[in-house]
């Protein structure tokens, strides 16, 4: 068993490096005696020893999660708070597995399942009420177990019926750990979020075309408790703050023109009011300029240079995906279906196991490393840094994922996938809309290249590539600084004859393309870090959702990609005239 | 965690001059004046405009099996605007057939409004909403003008002219209460449910909603009213051996927290609820039945709300898709001669019970009125909003809606009266006599109810369903009354009215929230017990839920301690 302790304020705790320190007996007692951990552990023990339905196997693994959440939210327009609230809640989840590490009820879809009717979902007490917590897990364990036991029985029957060898274990064995971060849960000062959103939104009174712009600020903090039947017990706090400024141009119908987004783990560490107001000013100038530009309507196939945040978007779009070329591990579930489907599943899995080793997915100069403990890069705080994942697995300080363009490994949890039989510690806590769950997600990723060059040299490269393609111009694209992902985009057309650069209003770029990482022909020798809140495989988190997984990515400032197909598909936004004048117009 | 909240005392003071001190009303008035002036210069200007703003302050405490589940509060402000194009006789709301949807819907525009009284931000959001609302309303109006049916429709007016009202209640005066104390009270109540291993849900909850409601119209009406509602509920269910969840609940409604029962009373009521749950668990499932029955006052209240109240809501009688049960029955006998029914939103209390259907002005700014709907069995009137009927050309102050919805005629405090009452014993004797006559072994006594629903349209059976929670068989041969379960009461309205034969001398109040096309509104039904010659029941849906494999950890611990 590993023992791990952090008593430093948790922001600093994120910078703590392994190896683990020995817990003092007092702290060991402290975690084991914590009412939430104790309630979970006692109920796990009771269920593991006594829970069994006639005709079915006992559970072999039980894990419980409890998360205390503090959510503060404020939305303002024109200097007035429209909506403000602060809530506290406690969410929970339970995992009950029947079988063993090699074969269990998971990774199996029982499509012919007969449903059992059990008592329903119950809310967890928000106080550290020992019996109240046990009561909820008692019912949950009962219900999950009954379903799992039936699935397991069916799965074993299927395997026996089709005489199939089970190729990949269902659940990895990991060393139990005690981890206790004693920091208290962070919450911004009362009214702090209201004051900031109110003051920032008042700025739009100075911009009559942007009067309908909204400012949203929120902080979501959690203290996560986890206990499992293998002996892992941990208490992990986390926090995430965001300020989103939705710029809406148009008198009436609120056409969204762009979004400024800021993230930090502490609300008070977000940029100062004056900085944000300066960014708004800059953004409004950019949007106004963009609107005055001609639209780039051509279909183009040739070299493209991406600059600024667009580079981060490009790598996220192509790396943070599941599937054969992505960094997020995933596993096809065995389905209780026809014999043909069943056999196909195992044929595909066998093929995947044979083929998935060191597959070339990018140019030979490209490397990708996961650096989970890196908390700062050239003065930028990296919000993706973390110590331990949601299953109590401590990631390695450095994990090479792509080496010389070949895929070495993927981010994984305790469900083994082709070529990765153990967790590498990336089943991360995921906070969204008042709930905490877990998802496979990176913390800090660094994308680097063994051959890089200056920005000026990249411009020359772009020109040469375009000439080779017998084009009259080359393109480079960048997102407006500080905007959210993918919009709006300025396209710059570089004339090869005279070298003039013409800015144009471009369509959002479709950056996720098959084999596009193999088409990188040049990268800058300067790097920049970006923070964002990621919503798992669903992509970046939009305005309607609050939370996700904080991640950071370090990428070159510019890349040149050859053979990029650009298609203009801009959807016209038509602003309707108002019938009567508004109060500000008068 | 939210630890201390303020609760508002019940102070409704009629004090007209306070408008000048109410900043929000001033902002609304300025913007309405400005918008009406702006609209006046365009063709097809609205002839009527209204703003409604609801300022909400809500507190919730939820407990379950002795544990605090949540304790929080929030504030929000909702704007609902409406405007009408045309004139009082023919406007955009006129019913039009011949396009998708059949019935011309009312226009409504609703948005969250700043919770702070910032004039420019509020005005900007109202303008955006009303300007967009105008465009949608104009399209409706054009459709009305193009529809052939308009001239043939019998109703001559789309919107009634009403007296202009100016009324304001003083802001609610806050009184501080100890949230901790209430959390403790609720936890102590819900912890009582822990001692029975078959109880599946055992909750005690408190909700306090303080709403300050603003109404302003272009006709000049300005109303500010307070709607404080306090609800304490005790909700529990037990699992029967055959896998059915059997729920019971107790609900206390008041306009101030001081009017809730003392803790000792709440504890006694919760213990009684547990006793009934245990009885229910051991009771038999009733078979479908047709025969005599007695309704307790609470059941009668829900019965009248569903099968009578919804059918006298005036706007339905203008809707061709509605069953219009009573449209042509004015001055006809619809109930037994000994029965009368009134709707009285001006009544605050019945005995000690506060009536949550009380208000001074409705949500169209019309003064609330006591309306006699049925006098000695004869139908006299309908519940009217500003949508008139041919023979009922004025509102009687029953246009109601929650924030975000356009008002329609709705119920308030429905009071069922009988001028010939009988004792409970006499009702039982009547029941037994009727059972013998019908050759029935037993009749039913419906003692309590969770609610009901009814359908009034023409596309589905014009029926009702009342969902009782406590039902007894009353045996003709003198056996003790037997509690049964799994029964729903069903039927059709006109048949049921003709089966009412007598009313009891005990009258009680049922309070609840009624959901319909203009949202959920608080209502009450005050009624005596009733004897009906024939009712029909059907079986409730069964769930087949299984008892958990292990007993609850706390129950197991306590049992081991005993040994």
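The values are calculated or read from the model by the stated rules, or taken from the named source; none is laboratory data. What you see is a predicted model, and the numbers here were worked out from it, not measured in a lab. All Cβ positions, even for glycine, are placed from backbone atoms using ideal geometry, and neighbour counts span all protein chains on display.
When A:441, A:423 are screened for being crowded, with 22+ Cβ neighbours inside 10 Å and in contact with a helix residue (DSSP H, G or I) (Cβ under 8 Å, 6 or more places away or on another chain), only A:441 passes. Can you tell me which residues in segment A:497-518 are surrounded by 18 or more Cβ atoms within 10 Å (Cβ to Cβ) and touching a helix residue (DSSP H, G or I) at 6+ places or on another chain (Cβ under 8 Å)? Residues satisfying the conditions are A:505, A:509, A:511, A:516, A:517.
Scanning segment B:13-26 for residues that are at pLDDT 95 or above and either touching a strand residue (DSSP E or B) at 6+ places or on another chain (Cβ under 9 Å) or at the interface with chain A (Cβ under 10 Å from one of its Cβ atoms) (or both) yields B:24, B:25. One residue stands out in segment B:251-294 among those that are under 16 Å from residue B:448 (Cα atoms) and without any contact (Cβ under 8 Å) to a residue 12 or more places away in the chain: the one that is surrounded by the fewest Cβ atoms within 10 Å (Cβ to Cβ), namely B:275. Are any of the residues in segment B:36-50 at pLDDT below 90, in a loop (DSSP other than H, G, I, E, B) and more than 8 Å from chain A (Cβ to nearest Cβ)? The answer is no, given that none of the residues of segment B:36-50 is at pLDDT below 90, in a loop (DSSP other than H, G, I, E, B) and more than 8 Å from chain A (Cβ to nearest Cβ). Comparison of B:439, B:413, B:396 shows that the only residue that is in contact (Cβ under 8 Å) with a residue 40 or more places away in the chain and assigned by TED's automatic domain parsing to the domain that holds residue B:495 is B:413.
Can you say whether residue B:542 is within 14 Å of chain A (Cβ to nearest Cβ) and either closer than 16 Å to residue B:309 by Cα or out of contact with any helix residue (DSSP H, G or I) (no Cβ under 8 Å at 6 or more places or on another chain) (or both), as far as the supplied structure shows? Here the answer is yes, as residue B:542 does meet what is asked. Of all residues in segment B:183-201 being modelled with pLDDT under 95 and in contact with a strand residue (DSSP E or B) (Cβ under 8 Å, 6 or more places away or on another chain), which is nearest to the other protein chains (Cβ to nearest Cβ)? By that ranking, first place goes to B:200. For segment A:135-157, the condition of being surrounded by fewer than 18 Cβ atoms within 10 Å (Cβ to Cβ), free of Cβ contacts under 8 Å to residues at least 24 places away in the same chain and either in the same structural domain as residue A:234 (by TED's automatic domain parsing) or touching a helix residue (DSSP H, G or I) at 6+ places or on another chain (Cβ under 6 Å) (or both) holds for at least one residue. Just so you know, in segment A:123-133 the residues that are within 7 Å of another protein chain (Cβ to nearest Cβ) and either crowded, with 21+ Cβ neighbours inside 10 Å or at pLDDT 90 or above (or both) include one that is farthest from residue B:69 (Cα to Cα), and it is A:131. Residues in segment A:546-575 that are surrounded by 13 or more Cβ atoms within 10 Å (Cβ to Cβ) and assigned to a loop (DSSP other than H, G, I, E, B) were compared, and the one that is modelled with the lowest pLDDT is A:570. Filtering segment B:93-122 to residues that are within 30 Å of residue A:79 (Cα to Cα), at pLDDT 65 or above and more than 14 Å from chain A (Cβ to nearest Cβ) leaves nothing.
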